[in-house]
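In what follows, a structure is listed as structure tokens, so that the remarks can point back to it.
The values are calculated or read from the model by the stated rules, or taken from the named source; none is laboratory data. Everything quoted here is computed from the prediction, not taken from an experiment. Here the Cβ positions follow ideal geometry from the backbone for every residue, glycine too, while neighbour counts run over all protein chains shown. The accessibility values were calculated without ligands, DNA or RNA, using every heavy atom of the protein model including side chains. Shrake-Rupley method; radii C 1.70, N 1.55, O 1.52, S 1.80 Å.
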Amino acid sequence: MMVSGVPEAVAAVQPLLDAMASNAPVVGDAPGDGQRFKIVNQLLCGVHIAAAGEALALADSMGLDRAQVHEVLGTGAAASFMFGDRGGRMVAEAFDDVRSALDIFVKDMGLVGEAARTVHQETPLASTAEQLYLRGHRAGLSRKDDSVVYRILRADA
């Protein structure tokens, strides 16, 4: 949870924030700063999930053992939370173990695109990832775990 507001307002609701979240950093004084931080967060999450799916699809296409790729690369410079978390479900093809549905990223990457257009900022990686999530939505995978991007990328295999 990311919070924004003038210090007096944040102080007034601090007990509620403490009850709702273990960590609720104050990220600005202006209304909406927390939402803008969340949009940047979702850009990173959405791109990282798509990159994990693409990497494991490439590994599979090259005949590599996906589980070994996930294990070895998950401990080095290529490691990320999303590669570790979603990559594990990609390797197991546990797309019905829904922890975050694909359609959440259809929505979130749409919000990223809208925010970027508002400030005239290019987000080419986010736009590409959004198209992958939309492809999954059109394929009827909306309620599958977002790790299903791996299957979307391997659909032609």
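What does the charge count near THR123 come to, summing +1 for each Lys or Arg and -1 for each Asp or Glu among other residues with Cβ under 10 Å from its Cβ? Taking every other residue near THR123 into account, the sum is -1. For the chain, a Gaussian network of Cα nodes joined below 10 Å ranks VAL112, VAL13, VAL40 by mean-square fluctuation, and the top entry is VAL13. Dipole check for the range 60-115: with +1 at the C-beta of Lys and Arg, -1 at the C-beta of Asp and Glu, and the Cα centre as origin, the magnitude is about 120 Debye.
Out of (i) 1.18; (ii) 0.96; (iii) 1.08, which label holds the value of Cα Rg over 2.2 N^0.38 Å that was computed here? Answer by label: (i). How would the range 79-132 be classified by its alpha-carbon gyration tensor: rounded, prolate or oblate, with rounded meaning a/c under 1.5 and the a/b versus b/c comparison settling the rest? Verdict is prolate for the range 79-132. Counting only protein heavy atoms and a 1.4 Å probe, the range 1-68 has 60 square angstrom of accessible area per residue.
What do you get for the angle between helix 81-92 and the principal long axis of the chain? Use alpha-carbon atoms, 0 to 90 degrees, nearest ten. On a 0 to 90 degree scale, this one is about 40. In whole percent, how big is the carbon plus sulfur part of the accessible area of the range 26-105, probe 1.4 Å, protein atoms only? Carbon and sulfur: 59 percent of the exposed surface of the range 26-105.
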